[in-house]
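The values are calculated or read from the model by the stated rules, or taken from the named source; none is laboratory data. Everything numeric here is computed off the predicted structure, so don't read it as measured data. Using ideal geometry, Cβ is built from the backbone for each residue, glycine included, and neighbour counts are taken over all protein chains shown. These area figures cover heavy atoms from the full protein model, side chains too; ligands, DNA and RNA do not enter into them. Shrake-Rupley method; radii C 1.70, N 1.55, O 1.52, S 1.80 Å.
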Amino acid sequence: MASIRNHIYQTLFAALQGGGGMVPKETIIAQCRSAGYDEDAVRAELDSLVAAGDLCTADGHVAPATEPSDEPLAIETHRGDESTPWQFAVTQTMDELVIEQARGPPEKFDPVEKRFTIDEEPVGDDPIEFHHAVSRRVWQEDPEQPHVKSQRSEGHIIELFYRDADGRHLDRPDPDENEDGIPEAVEFEPTDHPGITASSTFLRAEDGDDLKFTEEREYRITNEILDAYAEVYVLSYYEVNEESTEQALWDVDDAVAYRLVPGSD
């Protein structure tokens, strides 16, 4: 009879078939038990694999931990949408998380690489905080084409890259919006993500066809997020993005992927 560990992996790989999702822990235990393995021994082996970092776990589900590779990862959703932008890919090497993305054809926008250095960020009893601040300007340059707008956005961006039972997701946690679609949280309020609350301020200025928007967010993250999600990264980077008659610019700097891990307190 194969070892318990081998049977666990065989069951996982058969269920996942290369996807990024996760399998209910009780399903693994039931299948191992039906193959003749002792339930307590299976549970102990699963706990050992999780403790060693060979398996990741979230909300009662398990999966093989992501191995460093140059191959793109399967992404379930991008910013809350099941579709992904053109020429979009995420890879995870030993030291970096790399996101490649472009908005238009190669002759207009070469693919942009966002290369995040991976750092561990412990989350203990006290929440950790991240600051997001972006300004955006939209204006009209050609009176003959009023529907064609130029835009420039610049600032420090916070996003979330994580894995749950459905797979891997890239998202920007948003505070609640009012009926006009404008973020309304001024105090810390829950987001759609367990363990993340956000405080937001939003300013809008209009001068003819020239619009300016500024938004600042403070995020607080507690260790509750580690129970709901596996392999959680807070992506922090500075971005300048402009599409106008003057230039097509998309630069990224100071990019760090903070991998959230349990704190020691």
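Taking segment 1-51 on its own, how many of its residues are in a loop (DSSP other than H, G, I, E, B), open to solvent by 30 Å² or more (accessible area, probe 1.4 Å) and in contact (Cβ under 8 Å) with a residue 24 or more places away in the chain?
Step one: of segment 1-51, the residues in a loop (DSSP other than H, G, I, E, B) are 1-3, 17-22, 35-38.
Among the residues that remain, those that are also open to solvent by 30 Å² or more (accessible area, probe 1.4 Å) are: 1-3, 17-19, 35-36, 38.
Now restrict to residues that are in contact (Cβ under 8 Å) with a residue 24 or more places away in the chain: 1, 18-19, 35-36.
Counting residues in segment 1-51 that are in a loop (DSSP other than H, G, I, E, B), open to solvent by 30 Å² or more (accessible area, probe 1.4 Å) and in contact (Cβ under 8 Å) with a residue 24 or more places away in the chain gives 5.
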Exactly one of PRO105, PRO72 is farther than 26 Å from ALA15 by Cα and part of a loop (DSSP other than H, G, I, E, B), and that one is PRO105
Do any residues in segment 139-154 that are in contact (Cβ under 8 Å) with a residue 12 or more places away in the chain and under 24 Å from GLU216 (Cβ atoms) have Cβ atoms under 8 Å from those of residues that are among the aliphatic types (A, V, I, L, M) and open to solvent by 50 Å² or more (accessible area, probe 1.4 Å), where the two are at least six apart or on different chains, and which pairs are they? none
Tell me which residues, restricted to segment 75-102, are open to solvent by 50 Å² or more (accessible area, probe 1.4 Å) and of a type in the set (A, V, I, L, M, F, W, C). TRP86, MET94
What number of residues within segment 220-252 satisfy the criterion of being closer than 18 Å to HIS131 by Cβ and out of contact with any Leu (no Cβ under 9 Å at 6 or more places or on another chain)? 7
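Evaluate the following for HIS61: is it over 17 Å from the mean Cα position of the chain (by Cα), surrounded by 15 or more Cβ atoms within 10 Å (Cβ to Cβ) and in contact (Cβ under 8 Å) with a residue 60 or more places away in the chain? Steps first, please.
On the way: over 17 Å from the mean Cα position of the chain (by Cα): yes; surrounded by 15 or more Cβ atoms within 10 Å (Cβ to Cβ): yes; in contact (Cβ under 8 Å) with a residue 60 or more places away in the chain: yes.
In short, yes.
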